[in-house]
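Colleague: Could you have a look at this structure, given as structure tokens, before my questions?
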Protein chains: 2
Amino acid sequence: MSLEFEVSNTAESGGRRGELTLPHGVVQTPVFMPVGTAATVKAVPQSLLEEIGAGGKGAQIILANTYHLYLRPGHELVRRMGGVHRFMSWDRPMLTDSGGFQVFSLSSLRKVTTEGVEFRSHLDGSKHFFSPEHSMDVQIALGADIAMVFDECVETPATWERTRESMGLTHAWAQRSKDHFDAHQHLRPWGPEFDGKTQAQFGIVQGGMYADLRQESAERLVAMDFPGYAIGGLAVGEPRDVTREMIARTLEHLPKDKPRYVMGVGYPDEIEEYARMGVDMMDCVLPTRAGRHGLLFTSEGRLNIKKKDYAEDQGPIDATCSCMVCGRYTRAYLRHLFASGEPLSAVLNSIHNLAFYLDTMERVRNTLALT
Amino acid sequence: MSLEFEVSNTAESGGRRGELTLPHGVVQTPVFMPVGTAATVKAVPQSLLEEIGAGGKGAQIILANTYHLYLRPGHELVRRMGGVHRFMSWDRPMLTDSGGFQVFSLSSLRKVTTEGVEFRSHLDGSKHFFSPEHSMDVQIALGADIAMVFDECVETPATWERTRESMGLTHAWAQRSKDHFDAHQHLRPWGPEFDGKTQAQFGIVQGGMYADLRQESAERLVAMDFPGYAIGGLAVGEPRDVTREMIARTLEHLPKDKPRYVMGVGYPDEIEEYARMGVDMMDCVLPTRAGRHGLLFTSEGRLNIKKKDYAEDQGPIDATCSCMVCGRYTRAYLRHLFASGEPLSAVLNSIHNLAFYLDTMERVRNTLALT
């Protein structure tokens, strides 16, 4: 068993209330997944991450980035430490991306062939090569519950022809990813308590901003029969109605009984909207990255904590929020921490923003269960 | 009532097991006080600070720095926010220093007169003036349980003559600090639940590295009758046996029934040694500052987490430590966080080091109670 997915209710909008069972635990969907790039959700201690959000239930599943962990501390080291769960002391479900997006967005001097991608590390300029097979080797060494196929992320904007060509490469790589992944599952670094369980692998639909290519890509991947499907290549600068349109047109061609994951989105209203359209999983660095920059999400919109307006504001970030930050600290204090460059600023801002995201999804789940 | 102090046992070494009752709570002594410079113990959430150390009892009392809070966010703002306790959401005892040490160590272009010190902010170069009276106004606005007199910190090394001259100024300032503090206690920003309670003010013994001057300074301050006494001007670069000697020679001249506080020390073995000599209170930035630089304190000595030796070390920082970091994370993971510049590194390292300091004092208290 790698993954079980059960939809208990589907709303008229297409939104689904579901339950995703993974080797490391059960995830209520739709779900938002905090990003733990280097095996740490930036600035947030795991003990608090386990308690964030409504009811103190914490994050259900988090992400780690294959590209970052491959470069530092190295996937073989993580494997020797027992895999990424044990390495970072997080025993709930995890997902790793394929490294593709980071190779295309962070590294320099890329050379793409049908074989794979040669690139230089953003850390020290050293030369590396990622192929679908190598990405799978790395992801198996990390040992997250869900791994992603290695895909090419086309530059944006791109013509229909260029996008279709890139998509073709992505599909070939998806099949190679699948073959290599299935053949090497015995190498995952899990203890005997996980005997009989394996990592799951999701395919990634590409196709840029072209609905016909999205359909073609979805159909090709569905034919390969993955246990779950991601929609990639969105939220890369296109207008929001295009993002929504591409998601809608792709969802039509994905099986209803498998989880659907939109990668790298978004603002709170976006994750709510996409969840109501039938997206089951989403991830984004926004809550933590914005938090580090003093941007806080609230039920009344965004709030920039560095503003002078908040210097003597004795209220919490959000009066309707039940998170540990809103329960204890004033806007005045949080502004002071940010203005003073105090490390606690990133900790508390990140915790609030993550709680806001998790609570948003909890609320969506509750309404989807009823409709 | 500003302060009650009771010694329950005194060891042959001079070390005392005591209890210090302050408006915001009871402190078991000898005690180590974590430093919360800008109304935050750097990188540590208050909720974790309340749980740090053996038995999960947390820090009993913390410091905040008058100089830093005066400059940012400003003491009048803190007063309007209800004082430093409410501002930072910390309801246990607190102590503020006088700002003197920072004026002399951090700021530039100082001009000292008998009236006070003119200096420029290390933040923006703006010009400011601190007198004993002004330091008291600031400390009353902050409203910690214990305030310190404003003293001159003589440069080091300094001749006997220069030290004696400076000490004379410190004594005059101590009397002015006391008069102004007593006359303005009604301005402290405490709620009605603290009616009948006032802030306490400690005198500071100076005298550099000269035992005769230390004696003279102690006698002068004791004659002014403070509820507690600090020993200042130590740990400023002198050899450790000189520090110890100066503490020993000063303690002889301080009343046994009042708390004695050595400012700004030290390494774990130092705070243990001084506590066993009869020092009741100590503070130091070392556990948090060293933590941010990857230096960890353990029962087997210091450990530099950035060392390659720890890259695959699955053990905790200290196998005998019961802190939340040692209970959960490996040296390998902590090294990875440090090497990757992750903000969680400072959080976890600081928590462990503070726990180690608090546990050290807990152990000393336990032995002092028995002897």
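Derivation of every value follows stated rules applied to the coordinates shown; laboratory data play no part. Here the structure is a predicted model, which is why all the values come from computation and not from measurement. We place every Cβ from the backbone using ideal geometry, glycine too, and count neighbours over all the protein chains shown.
Colleague: For segment B:58-106 and segment B:1-37, compute the distance between their C-alpha centroids and round to whole Å.
Modeller: Computed from Cα coordinates, the inter-centre distance equals 20 Å.
Colleague: Between A:LEU370 and A:GLU6, what is the FRET efficiency for a Förster distance of 25 Å, r being their Cβ-Cβ separation, to the nearest 0.05? Display every interim value, and only then the final one.
Modeller: Numbers: r = 17 Å, r/R0 = 0.69.
Efficiency, rounded to the nearest 0.05: 0.90.
Colleague: May I ask you to report, in nm to one decimal and beginning with the shortest, the distances from A:PRO157 to the same position in the other copies, taking label points 7 Å along Cα-to-Cβ?
Modeller: Sorted ascending, the copy-to-copy spacings read 7.6 nm.
Colleague: Please report, for the Cα atoms of segment B:166-258, the Rg to one decimal and the Dmax as a whole number; what are they, in angstrom?
Modeller: 15.3, 48
Colleague: Please identify every one of the trypsin sites (Lys or Arg not before Pro) in segment B:202-267 that sits in a loop by DSSP and has no more than 11 other beta carbons within 10 Å of its own beta carbon.
Modeller: Working: sites: B:ARG214, B:ARG220, B:ARG240, B:ARG244, B:ARG249, B:LYS256, B:ARG260; in loops: B:LYS256.
For trypsin sites (Lys or Arg not before Pro) across segment B:202-267 that sit outside H, G, I, E and B with at most 11 neighbouring Cβ atoms in 10 Å, the list reads B:LYS256.
Colleague: Another question, if that's okay. Test of understanding: express the Cα radius of gyration of segment A:1-157 as a ratio to 2.2 N^0.38 Å, with N the residue count. Before the final figure, lay out the partial values.
Modeller: Working: Rg = 17.0 Å, N = 157, 2.2 N^0.38 = 15.0 Å.
My calculation over the Cα atoms of segment A:1-157 gives 1.13.
Colleague: While we're here: Whole number please: convex hull volume per residue, Cα atoms of segment A:1-93, in Å³. Don't jump to the answer; show the numbers that get you there.
Modeller: Details: hull volume 11.1 nm³, N = 93.
Normalising the Cα hull of segment A:1-93 by residue number yields 120 Å³.
Colleague: Size of the dipole of segment A:4-284 about the Cα centre, Lys and Arg at +1 and Asp and Glu at -1 on the beta carbon, nothing else charged, in debye to 20? Before the final figure, lay out the partial values.
Modeller: Numbers: 28 positive and 39 negative charges, 116 e Å.
With only Lys, Arg, Asp and Glu charged at Cβ, the dipole is about 560 debye.
Colleague: A further question on this structure: With unit charges on the beta carbons (Lys and Arg positive, Asp and Glu negative) and the dipole taken about the Cα centre of segment B:4-90, which residue among B:ILE62, B:THR21, B:VAL31 sits farthest to the positive side?
Modeller: B:ILE62
Colleague: R0 = 45 Å: FRET efficiency of A:ALA223 with B:ALA319, Cβ-based, nearest 0.05? Provide the component values of the computation, followed by the final result.
Modeller: Details: r = 54 Å, r/R0 = 1.20.
FRET efficiency, A:ALA223 to B:ALA319: 0.25.
Colleague: Sequence gap at least 6, Cα distance under 8 Å: using those rules, report the relative contact order of segment B:4-284 to the nearest whole percent. Working shown, then result.
Modeller: On the way: 553 pairs, mean separation 51.4, N = 281.
Rounded, it is 18 percent for segment B:4-284.
Colleague: With a cut-off of 8 Å between alpha carbons and a minimum separation of six or more residues, what is the relative contact order of segment B:96-140 in percent?
Modeller: 30
Colleague: By how many degrees, between 0 and 90 and to the nearest 10, does the Cα long axis of helix B:343-370 differ from the longest principal axis of chain B?
Modeller: Long axis of B:343-370 versus the principal axis of chain B: about 70 degrees.
Colleague: Next question, about the same structure. Given the options B:GLY168, B:GLY83, B:GLY100, state which has the largest fluctuation in a GNM of chain B using a 10 Å cut-off (strictly under) for Cα springs.
Modeller: So, out of B:GLY168, B:GLY83, B:GLY100, the one fluctuating most is B:GLY168.
Colleague: Now for a different question. In deg cm²/dmol, rounded to 500, what helix-only [θ] at 222 nm does chain B give when every DSSP H run of at least 4 residues adds -39500 (n - 2.57) and the total is split over its residues?
Modeller: Details: 13 runs with 142 residues, N = 371.
Using -39500 (n - 2.57) per qualifying helix, the result is -11500 deg cm²/dmol.
Colleague: Putting +1 on Lys and Arg Cβ atoms and -1 on Asp and Glu Cβ atoms, find which of A:THR360, B:GLY315, B:ALA172 reaches farthest to the positive end of the dipole of the protein assembly as shown.
Modeller: With unit charges placed on the Cβ atoms, the residue in question is B:ALA172.
Colleague: Please give me the summed charge of the neighbours of B:SER299: other residues whose Cβ is under 13 Å from its Cβ, Lys and Arg +1, Asp and Glu -1. Each step should come with its number before you reach the end.
Modeller: Working: positive: B:ARG302, B:ARG363; negative: B:ASP269, B:GLU272, B:GLU300, B:ASP318, B:ASP359.
In short, -3.
Colleague: Next up: Going by how many other beta carbons lie within 10 Å of each one, how would you line up B:THR367, A:THR243, fewest first?
Modeller: Details: B:THR367 15, A:THR243 22.
Ascending number of Cβ neighbours within 10 Å: B:THR367, A:THR243.
Colleague: Something else: What net charge do the residues around A:SER89 carry, taking every other residue with its C-beta under 12 Å from that of A:SER89, with Lys and Arg at +1 and Asp and Glu at -1?
Modeller: +1
Colleague: Work out from phi, with θ = phi - 60° and the Karplus expression 6.51 cos²θ - 1.76 cosθ + 1.60, the ³J(HN,Hα) of each residue of segment A:248-253, listed in order in whole Hz, and give x for Gly and Pro.
Modeller: With coefficients 6.51, -1.76 and 1.60, one gets 4, 6, 7, 4, 4, 9 Hz.
Colleague: Now, a different point. Return the long-range amide H neighbours of A:ILE204 (sequence gap of 5 or more, or a different chain), with a cut-off of under 5 Å between placed amide H atoms.
Modeller: A:VAL149, A:ALA230
Colleague: For A:VAL27, which sequence-distant residues (separation of 5 or more, or a different chain) have an amide H within less than 5 Å of its own amide H, given hydrogens modelled in the peptide plane?
Modeller: Residues meeting the amide H criterion: A:LEU20, A:THR21, A:LEU22.
Colleague: Moving on. Which of rounded, prolate or oblate describes segment B:286-371 when judged by the alpha-carbon gyration tensor and an a/c cut-off of 1.5?
Modeller: Working: a/c = 2.43, a/b = 1.94, b/c = 1.25.
Taking the square roots of the gyration eigenvalues as a ≥ b ≥ c, segment B:286-371 is prolate.
Colleague: Just check the protein assembly as shown against the gyration tensor rule for me: Cα atoms, a ≥ b ≥ c as the square roots of the eigenvalues, rounded for a/c under 1.5, and otherwise prolate or oblate depending on whether a/b exceeds b/c. Mind showing how you got there, number by number?
Modeller: Working: a/c = 2.54, a/b = 2.17, b/c = 1.17.
Prolate is the answer for the protein assembly as shown, as a/c is 1.5 or above and a/b outweighs b/c.
Colleague: Further question: What area, in nm² and to one decimal, does the C-alpha convex hull of chain B cast on average over all directions? Display every interim value, and only then the final one.
Modeller: On the way: hull surface 71.5 nm².
Result: 17.9 nm².
Colleague: Moving on. What percent antiparallel are the DSSP beta bridges of segment B:18-138, to the nearest 5? Walk me through the intermediate numbers first.
Modeller: Numbers: 12 of 16 bridges.
If we restrict to bridges inside segment B:18-138, about 75 percent are antiparallel.
Colleague: Would you mind telling me which residue in A:ASN304, A:ASN349, A:ASN65 has the biggest mean-square fluctuation in a Gaussian network model of chain A, where springs connect alpha carbons within a distance under 10 angstrom?
Modeller: The residue that fluctuates most here is A:ASN304.
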